[in-house]
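What follows is a short report on a single structure.
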Amino acid sequence: MSRIDASLPSRFSRRSVVEVLREYAIVVSFLALLIILSATADHFLTWINLLNTLESGSIYGIVAVAFTVLLIVGEFDLCSGAIYVFVGIVAAKLQPDLGTWPSLGIGVVAGLGVGIFNGLIVTFLRINSFIATLASSLMVVGIGTEVTNGFQLYIPDPDFAVLGNEKFIGVDYFIWIFFVFVVIGGFVLSRTKLGRWLYATGGNSEAARLSGINTRAVRIGAFSFSGFAAGVAGAVLISRTGTAIAGDGLADVLFPAIAAVVVGGTSIQGGRGAIWRTVLGIFFLEFIRNGFNLLEVNPYYQAIIQGAIILVAVGADALSRGTK
Amino acid sequence: MSDSASVGGGPSRTAADGALGVVVRGISKRYGGAQALEDVSLSVAPGEVHALVGENGAGKSTLGKIIAGAVAPDAGEILVAGRPVHFHSPRDAIREGIALIHQELQLVPALSVLDNVFLGAEPSRGGFVDRARQRERFAELAAHIGFRQSPSVRIETLRVAEQQKVEILRALVRNARLIVMDEPTAALTRIEADRLLEITRDLRDHGATVIYVSHDLGDVLALSDTITVLKDGRHVKTGPARGETANGLVTAMLGRSMDLTFPPRRQPPEGAPVVLSVKGLSRPPAFEDVSFDIHAGEIVGLAGLVGSGRTEIARAIFGADPSTGAVEIEGTRLQPRSPGNSIRHGLAMLPESRKDQGLIMVRPVRENVSIAHLREVSWHGIIQAARERSRVAEVLNSVDARAANHSMAISGLSGGNQQKAAIAKWLVKTPKALLADEPTRGIDVGAKRAIYELIHRLAEQGLGVLLISSELEEVLGLAHRVLVVRSGRIVGEFVGKQINEETVMRAAFGETGMGAHGDEAA
Ligand SMILES: Nc1ncnc2c1ncn2[C@@H]1O[C@H](COP(=O)(O)OP(=O)(O)OP(=O)(O)O)[C@@H](O)[C@H]1O
Ligand SMILES: [Mg+2]
């Protein structure tokens with residue numbers, strides 16, 4: 001194998017293939033899927049179908065944007081699922097007394113508060129963020145269960161359903177909210193000082209600190225953003241369904257969010273990643289589900305395939321760093 | 001495994017099964033836009049020390065990695081003991097008796113010395129690691145190369161010189177008969193480096209071949225039998241070390257001749273103001289009660305043995321570690337003492353380890369250079385791309401750092417160019433004082449000279465420089481004034497004509513002679 005024609009550019013040598021694949025895998029896969037699905041499934045490339053995709057992808061997408069930021073800064077947040085559910089409980093409890101918007105607002109602020117708390121314990125107690133947020137998520141779930149006694153809360157007020165069900169120029173409010181998160185998140189990461197701080201802190205925390213970056217503040221900021229985003233997503237959810245019940249939100253929001261982020265190619269080792277990747281990741285996974293439904297593929301296979309895709313994405317990430 | 005190699009063979013000799021010769025023919029390797037090696041052919045005779053020299057980015061490490069199976073060439077072939085080999089991994093090379101000691105050490109910091117040495121090569125008995133056998137073999141090899149630390153201490157508690165020896169032990173337990181050493185002395189003090197040269201000679205005399213990569217031409221001339229010069233990925237010449245001179249090598253490396261002496265020192269003007277003032281700084285047990293002033297235009301050397309507290313002092317001044325006492329920049333007391341506040345007041349620090357403390361390896365060259373002064377290239381927190389691009393290009397140029405493009409990850413630059421980028425990062429906004437900890441580590445002769453001139457130029461612009469270097473001649477050749485640290489205290493100060501090797505070394509070792517040499521600080 002060492003006798004490769006020297007005139008071939010090294011882009012084709014072993015290492016570079018891994019690197020290029022890692023770098024643009026999501027773009028290539030996304031385009032390939034787009035072409036296959038539009039060719040095979042009749043109603044795929046329609047405005048309605050696009051909106052449907054966004055409708056199912058936007059809520060966890062809001063959480064995924066924040067999760068991207070957190071992975072870039074080298075941390076992990078298992079708690080955002082619990083916050084997502086908890087915010088609904090807070091809003092549902094307060095709504096009869098305070099009205100719709102104040103109760104939703106307070107819910108979001110509660111999410112932000114839990115995020116700040118997570119940031120503080122991770123940075124000051126130096127606890128691994130995986131464990132720390134696992135612990136805090138148990139606490140949040142516990143509080144939610146205590147507050148509701150395990151019962152389902154129900155808010156019949158039509159006013160309460162506005163955020164989750166009304167549209168603006170034919171597009172759901174919460175899709176617009178997702179859009180705002182994407183635009184702001186993408187802009188901050190790629191164009192601002194704050195973005196550079198986040199990448200630097202995740203890439204090499206000590207070098208970042210010695211470059212004058214307040215890495216603790218950056219970390220706490222990332223966790224706070226994660227709490228806030230989970231809060232917003234939770235407010236949308238409660239408004240959409242009108243019911244809240246205690247839970248950890250793992251399967252509804254956290255797992256799909258993590259899947260979208262890593263499939264997009266953001267490194268779980270910190271320092272590398274982007275919001276556009278996560279957006280493509282969301283679309284990719286939604287398309288697969290959507291396309292399989294159109295093609296009537298058995299849902300069990302869908303889950304297996306999605307799991308395999310995530311493994312491939314994380315594997316490529318590990319490979320690109322592991323080889324020396 | 002076709003020749004007489006004996007894996008795990010007789011315990012009495014380290015590399016007694018005969019040294020390996022290696023021949024490379026027509027090797028080429030390209031990384032994206034950079035041609036790291038082009039049609040390089042070379043023959044390394046069994047049992048010789050064969051040096052590879054060349055500028056930063058000349059392709060030395062790449063060639064070493066290819067020979068040791070860590071990187072696959074795009075074209076060309078490798079013959080070991082006369083037979084063509086195709087390595088797919090370092091494991092394949094190890095099986096043939098070839099080991100590589102990387103430029104950046106590859107040990108596992110949290111594991112013990114013993115575990116690191118035997119990692120992946122555990123002698124086992126019935127599937128269990130045979131600890132007793134490991135210890136026995138370790139003791140024997142450790143004695144052989146003069147490694148005196150306990151096998152059970154963790155790697156991260158060892159000094160670099162000791163870690164270097166652990167890497168050599170790693171190669172020896174694998175019965176390596178050809179060892180590629182990539183800049184093994186770059187992080188060592190003179191005494192430690194001399195010891196390493198001795199070990200290397202000893203390896204050769206016991207039947208190992210050594211490929212030795214170094215920027216220290218004095219070492220190369222003293223140690224090697226044959227010297228190969230690379231330039232821009234091409235083979236320039238190979239010849240016996242005898243009769244070769246430093247000037248001859250430099251001319252071959254750079255394609256032009258160069259003055260190897262230190263640039264002349266220009267004295268700072270009389271009565272220049274104090275730019276950096278350190279008062280009663282303490283961080284026991286690393287150092288205590290350190291006070292000194294640096295004037296505008298002055299280069300102050302901080303000399304002392306490794307472990308004497310020099311790096312700790314620099315870090316504390318910068319605010320990287322907590323300490324008591326005061327630091328003033330142009331009379332303004334720094335409060336709080338954090339890196340961020342220090343930078344805002346015009347204090348810069350080039351840290352000791354570029355990989356761990358200086359650079360963010362996964363990020364692009366450009367971001368690494370601008371990261372400490374984003375304010376200079378942004379507007380209300382928004383990065384101005386064009387301004388950043390041109391400013392970064394400018395400062396990289398000023399230190400003569402070469403990168404194919406500034407958007408690639410900085411890990412793709414050669415070691416020397418990384419170091420230049422780590423310096424350039426502090427020039428985006430000219431500081432008032434610079435704490436430079438090992439500024440020329442891993443840098444080629446041409447670039448070293450460029451950095452010396454840069455330090456002079458900065459001093460002439462009115463910067464105060466605190467210089468730490470394990471190369472005593474660097475301190476002697478550059479500094480206007482030398483402070484000597486021993487066991488965390490400043491024990492001597494020498495100015496002008498008083499600065500010479502003997503006075504400085506005597507102060508560094510203390511009255512009791514060799515007593516202070518060693519490991520007081522972690
Ligand atoms: N992993 C990589 N990705 C991209 N380019 C690389 C990579 N490794 C090396 N290069 C490029 O190949 C060239 C040769 O690099 P190499 O590390 O072999 O130089 P060197 O002679 O060892 O230099 P130094 O003295 O600075 O260590 C350089 O231009 C470098 O930028
Ligand atoms: Mg090198």
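The values are calculated or read from the model by the stated rules, or taken from the named source; none is laboratory data. Small disclaimer: the values here were computed from a predicted structure and weren't measured. Glycine gets a Cβ as well: all are built from the backbone with ideal geometry, and neighbour counts include every protein chain shown. Please note that ligands, DNA and RNA were not included when accessible areas were found on the heavy atoms of the full protein model with its side chains. Shrake-Rupley method; radii C 1.70, N 1.55, O 1.52, S 1.80 Å.
Comparing the full protein assembly with the isolated chain, the residues of segment B:348-364 losing at least 20 square angstrom of accessible surface (1.4 Å probe) are B:356, B:357, B:360, B:362, B:363. Using heavy atoms of the protein chains and a probe of 1.4 Å, the accessible area assigned to residue A:40 is about 80 Å². Against chain A, whose longest principal axis comes from its Cα atoms, helix A:47-72 is set at around 80 degrees. Within the accessible area of segment A:60-285, the carbon and sulfur atoms contribute 69%, probe 1.4 Å, all protein chains present.
Direction-averaged projected area, Cα convex hull, segment B:362-428: 3.9 nm², rounded to one decimal.
Computed from backbone phi with θ = phi - 60° and the Karplus coefficients 6.51, -1.76 and 1.60, the 3J(HN,Hα) list for segment B:29-36 is 8, 10, 10, x, x, 9, 7, 6 Hz; x is used for glycine and proline. What separates the Cα centres of segment B:240-289 and segment B:73-142 is a distance of 37 Å. Ligands, DNA and RNA aside, residue A:139 has an accessible area near 110 Å² when probed at 1.4 Å.
Across all Cα atoms of segment A:54-203, the radius of gyration (one decimal) and Dmax (whole number) stand at 16.9, 48 Å.
A simple count of charges around residue B:445, restricted to other residues whose Cβ falls under 14 Å of its Cβ and scoring Lys, Arg +1 and Asp, Glu -1, yields -4. For the protein assembly as shown, the convex hull drawn through the C-alpha positions has a volume of 199 cubic angstrom per residue.
For segment B:4-254, the mean projected area of the C-alpha convex hull, equal to one quarter of the hull surface, is 13.4 nm². The equivalent ellipsoid of segment B:387-522 has semi-axes of 33, 17, 13 Å, largest first, where each one is the square root of 5 times an eigenvalue of the Cα gyration tensor. Please name the residues of segment B:75-105 whose accessible area, counted over protein heavy atoms with a 1.4 angstrom probe, falls by no less than 20 Å² between the chain alone and the full protein assembly. Flagged in segment B:75-105: B:75, B:76, B:77, B:86, B:88. Grouping the Cα pair distances of chain A into 20 Å bins from zero gives a pair-distance distribution of 31, 56, 13, 1 percent in increasing distance order.
So what's the gap between the Cα centers of segment B:437-455 and segment B:363-384, to the nearest angstrom? Spelled out, the Cα-based centre of one part sits 25 Å from the other. Free of any trypsin sites (Lys or Arg not before Pro) that DSSP assigns to a loop and that have at most 14 other C-beta atoms within 10 Å, the longest stretch within chain B is B:267-522. Solvent exposure of chain B amounts to 40 Å² per residue of accessible area, where only protein heavy atoms count and the probe is 1.4 Å.
May I ask you to find the residues of segment A:208-232 that are shielded by at least 20 Å² of accessible area once the whole protein assembly is considered instead of their isolated chain (probe 1.4 Å)? The answer is A:209, A:210, A:211, A:212 - residues whose exposure falls by at least 20 Å² when every protein chain is included. For residue A:97, the solvent-accessible surface computed with a 1.4 Å probe is close to 130 Å², ligands and nucleic acids excluded.
Placing unit charges on the Cβ atoms of the charged side chains and taking the dipole of chain A about its Cα centre, the candidate lying farthest along the positive direction among A:109, A:275, A:210 is A:210. The charge dipole of the protein assembly as shown, taken about its Cα centre with unit charges on the Cβ atoms of Lys, Arg (+1), Asp and Glu (-1) only, comes to about 680 debye. Between the Cα long axis of helix A:14-40 and the first principal axis of chain A there is an angle of about 60°, rounded to the nearest 10. In a simple Cβ point-charge model (Lys, Arg +1; Asp, Glu -1; nothing else charged), segment A:60-285 has a dipole of about 920 debye relative to its Cα centre. Between the Cα long axis of helix B:190-205 and the first principal axis of chain B there is an angle of about 10°, rounded to the nearest 10. Each residue of segment B:251-265 is assigned a 3J(HN,Hα), and the resulting list reads 4, 5, 5, 9, x, 7, 8, 8, 6, 8, 7, 6, x, x, 8 Hz, derived from the Karplus form 6.51 cos²θ - 1.76 cosθ + 1.60 (θ = phi - 60°), x at Gly and Pro. Cα-based values for chain B, radius of gyration first and Dmax second, are 23.8, 76 Å. For segment B:192-284, what % of the accessible area comes from carbon and sulfur atoms, probe 1.4 Å? Heavy-atom surface of segment B:192-284 belonging to carbon and sulfur, 1.4 Å probe: 50 percent.
Per-residue ellipticity at 222 nm, computed for chain B from helices alone with -39500 (n - 2.57) per DSSP H run of at least four residues, works out to -9000 deg cm²/dmol. Couplings 3J(HN,Hα) of segment A:118-134, computed from phi: 4, x, 5, 5, 5, 7, 8, 8, 6, 9, 3, 5, 4, 6, 4, 6, 4 Hz, in residue order, whole Hz [Karplus 6.51 cos²θ - 1.76 cosθ + 1.60, θ = phi - 60°; x for Gly and Pro].
Please compare each pair in A:193/B:420; A:193/B:432; B:165/B:237; B:29/B:425; B:425/B:497 to a cut-off of 26 Å on the Cα-Cα distance and tell me which ones are over it. Violating the 26 Å Cα-Cα cut-off are B:165/B:237; B:29/B:425; B:425/B:497. The candidates A:42, B:39, arranged from most to least accessible area with a 1.4 Å probe in the full protein assembly, appear as A:42, B:39.
Between the amide H of residue B:295 and those of B:275, distances stay under 5 Å, these residues lying 5 or more places away or on another chain, with hydrogens modeled in the peptide plane. Each Lys and Arg adds +1 at its Cβ and each Asp and Glu adds -1 at its Cβ; summed about the Cα centre, segment A:175-269 shows a dipole of about 400 debye. Look at the stretch B:334-345: the mean tally of other chain Cβ atoms within 10 Å of its residues' Cβ atoms is 2. Take the solvent-accessible surface of the protein heavy atoms, probe 1.4 Å, and return the percent of it on segment B:362-428 that carbon and sulfur atoms account for. Answer for segment B:362-428: carbon and sulfur cover 49 percent of the accessible area. The B-A contact accounts for roughly 3100 square angstrom of buried accessible surface, both chains included, probe 1.4 angstrom. Normalising the average separation of contacting C-alpha pairs (under 8 angstrom, six or more residues apart) by the number of residues puts the relative contact order of segment A:60-285 at 43 percent. Taking amide H as placed 1.01 Å from N in the peptide plane, residue B:481 has its amide H under 5 Å from the amide H of B:299, B:301, each at least 5 places away in sequence or on another chain.
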